[in-house]
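Since the structure comes first, as structure tokens, the remarks are kept for the end.
Every number in this text was worked out from the coordinates using simple rules, so none of it is lab data. Please read all numbers here as calculations on a predicted model, not as lab measurements. When we count neighbours, we look across all protein chains shown, and the Cβ atoms used for this are built from the backbone with ideal geometry, even at glycine.
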Amino acid sequence: MLELGALAESAGAEVAGQVQQKLKAIDPRTFIGRGKAAEVREMAHKTGASVAIFDDALSPAQARNLENEMKLRVVDRAQLILDIFAQRARTLEGKLQVEIAQLSYLQPRLTRQWAHLSRQTGGSGAGGRIGTRGPGETQLEVDRRRVRERLTRLKARLGEVERTRSIQRQRRIDVPYPTVTLVGYTNSGKSTLMNVLTDAGVEAADRPFSTLDPTIRRLKLPGNFQVMLADTVGFIHRLPHLLIEAFKATLEEVRTADLLLHVIDASSPLVDERMEIVDKVLEEIGAGEKPRLLVLNKIDLMPERPHLRYGYDCVGVSALRHEGLDDLLEAIARGLSPLREELAVTLPSTRGDLIAMARRDGEIVTEEYHDGVVSVRARVSPAVAGRLRKAAV
């Protein structure tokens, strides 16, 4: 309920009150039952509330019946998250993805938009329906067709944008820099960490889903090891499947990463639960087997340093206070060390471009010039190692 309140405030609402209910079985008509609906209506009347936000998914019929019972606008969890995404989307790709998710959500709920018009269908036979079709049904069919056509156009346009992003991603793969991607529960401090490490200037705020659009910047690690660091959208409990589908291209940055930095709010009492949620989403998008490093953020908010009790590598940091960042950079370099290899080659002394590439990409251990050739021992990425071997004499 605290998270739902934070989401509501992030969307621009002011929380006037909350109601909880234990149910043996969900009411198929109104989800919470008529008695509880009347209680919510009374509370809304006293507090001046105009919207009822449910933490669960409501069927179109349940939402319509609840609005009739409570005389309030009714929003479920998925609709609330979609609204936040719509406010936060900045790039063309982000706006297209959000609108596709919103229209997909709206499609089965279009009947609610025309409840004030006649939608009579008459008796069971064809003759019973003659002369009884109201203007509401006509408008409803027009709206459904428009939504379908709009979805088709949006998906085609998004496909073009995704192809462009795919080309850009392939170019990054061709450049010999590994990719490290920040993942984690929303509001765990990923964007703040991104800004501290790379001066990316990403919007960072103490609210859910401050960042939707992926940002990629170059990051220099110890040993002159350069990588591309990517920031992605945060995950959340019961993230609407419509959003996962719409954001698949954006989440491709996670699937193609060489290392995942799982950033978690170490000060949260729900650390373990949120870790499981992120793990489930990673499995769902096909990144469950990716190597990862756990980054316990916000350790400055804890009375004592968190006990590193997890099975894989952990680093405690405070992105806000700039604590533990050197340890984090060294841990990232260790995590990516299998992607570097040490080799010794002899090159023509005229190939200063390859030596400069090796110096940019990795670390030159020794460099000796004699008789028009240069002997080099270096630690570099496999791509650069291949180019050095190809030019060797």
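Some notes on this structure:
- Within the straight-line cut-off of under 27 Å between alpha carbons, the lysines reachable from Lys390 are Lys220, sequence neighbours fewer than 8 places apart in one chain being disregarded.
- Among the trypsin sites (Lys or Arg not before Pro) within region 318-393, those in coil by DSSP and having at most 14 neighbouring Cβ atoms inside 10 Å are Arg321.
- q = 0.13, 0.14 Å⁻¹, the chain: log10 I(q)/I(0) [Debye, one scatterer per Cα]: -1.14, -1.25
- Per-selection Kirkwood Rh - region 340-391 (Cα, Å, 1 d.p.): 10.6 Å
- Which listed pairs, of Lys22/Lys190; Lys24/Lys290; Lys36/Lys280; Lys22/Lys71, have C-alpha distances above 32 Å, in listed order: Lys22/Lys190; Lys24/Lys290; Lys36/Lys280
- Inter-label distance, nm, simple model (7 Å from Cα along the C-beta direction), His370/Ala333: 3.0 nm
- Set of lysines near Lys155 by C-alpha distance (under 25 Å), chain-local residues within fewer than 8 positions excluded: Lys95, Lys248
- Choice from Val254, Val374, Val147 with maximal GNM fluctuation in the chain (Cα, 10 Å cutoff): Val374
- If R0 equals 22 Å, the separation of the Cβ atoms of Asp55 and Arg29 corresponds to a calculated FRET efficiency of about 0.70.
- For the chain, the relative contact order works out to 12 percent when only alpha carbon pairs closer than 8 Å and six or more residues apart are counted.
- Taking N as the residue count of region 2-75, its C-alpha radius of gyration divided by 2.2 N^0.38 Å amounts to 1.05.
- Highest-fluctuation residue, Glu367, Glu67, Glu283 considered, GNM on the chain with Cα pairs under 10 Å: Glu367
- Here the sum of -39500 (n - 2.57) over DSSP H runs of 4 or more residues, divided by the residues of the chain, equals -13500 deg cm²/dmol at 222 nm, to the nearest 500.
- Gaussian network model of the chain, springs between alpha carbon atoms under 10 Å - residue of Ala86, Ala333, Ala38 with greatest fluctuation: Ala38
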